[in-house]
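What follows is a single structure, written as structure tokens, with notes after it.
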Amino acid sequence: MNKNTIITGCVGLLLGGAAAVGFWGWKSERLKVENLEKQLSALRKQEMRSAIDRSVSAQMEDIANEQRKISDEKREEALQQTRIANEMRLRSEVERQNALIAERNAVASEKKALEASEVAEAQRQMAEHQRIQAEFSKRMADTLSYIALGRSLGSISTIQYQAGNDEVADLLSYASYLYTQRYKGDVYYPAVLQSLMRSSQSINVWAEHAGVVTNVEFMPNEDNKVVSVSNYGEILLSERQGNQLKNTILFNNPNYDFRDVYVEKKTGNIYIASRTGHLVVITKQNMTPKVITLEGIEHPMRVHDVNGSNLLIIGETSIGLLDMKRNIIISVKQLPFKFTMGARRNSLPLLFDDQGKMHQVSGLTDISTEQVPVEGSVTAYCESKNTGMEAYGMSDGTIWLKDKNGRIQKLVGHRSRISKMKMNGRRLISSSYDGSVNLWISDSEKIEPMTLLQTNNWIMNFQLDSTKETVWMCDAKGNLTAVNISINKMVDAMKKKLKRNLTTEEWNYYIGPNVPYEKFVEK
């Protein structure tokens, strides 16, 4: 290779290299120029945005200035409102304080008013209490006055009745009941009750027996038909017809001394024990008496049914069983004591002896013994299954009432031997040889007697009818007495008798001009 060629080649390489370098340099400059142009364009855009932003900022600044001016005005206005509000608050606080002071004053005034009202109310209540007390005292005085008037009129009615002035006696008797009942007095007070009984004709007495009537019994389901026996050997069947008594003599032999009678409820057969040692049996079919000698039973005194088919016959020292179908004695038992009085307890015979003991008989071989809970000689006994009370009547006229808790109370009202007692709930009826029949009501601590009947005869026995409103009694002078003890029936019967009213003169004389006039009969 020649030198020129090398030189040419070198020059060519150099030129190529220079051209390459020049191109690269141009290229670089070109890129720089483009970058600068881009930066310039971006700057121009930024300058335009900046101008816009400055314009917007200027506008916003103007708006802000306007808003600040408005805000300043609002703030000034708000400050003014605050000052006004503070002034109003201060004024309101003053008013509130004034209101509180006024409220405290009002509360104090109200308290004083309430205190004054309470004082006034207390005085009013005291005055009302005094008025009520005065009215109560007046009512009490009026009540006591009218009750006393009722009792006084009862006594005057009895006097008029004894003098034969029945018409006036009836009017005064009704007035006596009226004032006693109206003012819650005791209509069983003797003066009131006795005049009521007389005016209503509640007491009917029939002298039918020659001897002492020892017992009386009702025929089954017959409140107006009774069997009575005497110690003079008399057995009468009596039927009440109004105020009359129709008698049938069933047996009459003075050799017998009848002490007790039993009427069998189912058959109507009659059994009468004679102290002579005999039993008289009268059947309802033919009413023909049959006399049975009671061997081994000395001095028969009482008869009791035992179980519906046998009859217990009690003597002074022995007891026996009678077969009521065959009418024969089937068994006799001697007693280790002397029998003095017989009654019933828990539907079984109860025997009292002379040693202070009582014996309950369930059968001839089943007899339980206990001590009598009271001292003395028991002559009558009864019980109430409803209340659990027991009553012991004594030979001295005392009655001992024993409740179910064992508490014993003494009843004093009779002066002689108690002959019979019956108890119906809390009501006790007793009869005595002192000639009286008393009613006792055991609903208070102190039990006082109310005299239903007072006679001059020994009352030997009595029975109540099925209504418990009529008492049939027998006495030592041979009388049978029927007494109506129903107050309502007495009043009804008495009102039917009244034919006129009291005249003004009679009213003022007997009752008094200070008591308002009343009519007892409305025509």
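The values are calculated or read from the model by the stated rules, or taken from the named source; none is laboratory data. What you are looking at is a predicted structure, and each value in this text was computed from that prediction instead of being measured. Cβ atoms come from the backbone with ideal geometry, glycine included; neighbour counts cover every protein chain shown. Keep in mind that these areas ignore ligands, DNA and RNA; they rest on the heavy atoms of the full protein, side chains included. Shrake-Rupley method; radii C 1.70, N 1.55, O 1.52, S 1.80 Å.
Remarks
- Evaluation of residue 471 against (1) in contact (Cβ under 8 Å) with a residue 40 or more places away in the chain; (2) aliphatic (A, V, I, L, M); (3) open to solvent by 20 Å² or more (accessible area, probe 1.4 Å) (one fails), failing number: (3)
- Inside region 493-517, residues that are free of Cβ contacts under 8 Å to residues at least 40 places away in the same chain, open to solvent by less than 90 Å² (accessible area, probe 1.4 Å) and either closer than 24 Å to residue 432 by Cα or under 37 Å from the mean Cα position of the chain (by Cα) (or both) make up a count of 1.
- Residue match in region 164-183 (condition: open to solvent by 20 Å² or more (accessible area, probe 1.4 Å), touching a Ser or Thr at 6+ places or on another chain (Cβ under 7 Å) and outside any helix (DSSP H, G or I)): yes
- Some residue of region 14-24 being open to solvent by less than 80 Å² (accessible area, probe 1.4 Å), in a helix (DSSP H, G or I) and at pLDDT 75 or above: no
- Residue that is open to solvent by 10 Å² or more (accessible area, probe 1.4 Å), of a type outside the set (S, T, N, Q) and touching a Lys or Arg at 6+ places or on another chain (Cβ under 7 Å), where the choices are 287, 219: 219
- Residue in region 239-248 that is touching a residue at least 60 places away in the same chain (Cβ under 8 Å) and within 26 Å of residue 484 (Cβ to Cβ) present: yes
- The conditions of being farther than 22 Å from residue 189 by Cα and either open to solvent by less than 50 Å² (accessible area, probe 1.4 Å) or aliphatic (A, V, I, L, M) (or both) are met by residue 390.
- Residue match in region 345-359 (condition: part of a strand (DSSP E or B), free of Cβ contacts under 8 Å to residues at least 40 places away in the same chain and open to solvent by 60 Å² or more (accessible area, probe 1.4 Å)): yes
- Residue in region 313-326 that is assigned to a strand (DSSP E or B) and among the small types (Gly, Ala, Ser) present: yes
- Boolean, residue 254 is open to solvent by 30 Å² or more (accessible area, probe 1.4 Å) and touching a Ser or Thr at 6+ places or on another chain (Cβ under 7 Å): no
- Checking each residue in region 192-227 for being of a type in the set (Gly, Ala, Ser) and closer than 19 Å to residue 492 by Cα picks out 195, 199, 200, 202.
- Beta carbons closer than 6 Å, at least 6 apart along the sequence or on distinct chains, pair a first residue in region 249-265 that is farther than 18 Å from residue 276 by Cα with a second that is not in a strand (DSSP E or B) for 265/220.
- Cross-chain or 6+ apart pairs with Cβ under 9 Å, region 67-87 first and free of Cβ contacts under 8 Å to residues at least 60 places away in the same chain and at positive phi, then surrounded by 10 or more Cβ atoms within 10 Å (Cβ to Cβ) and not in a helix (DSSP H, G or I): none
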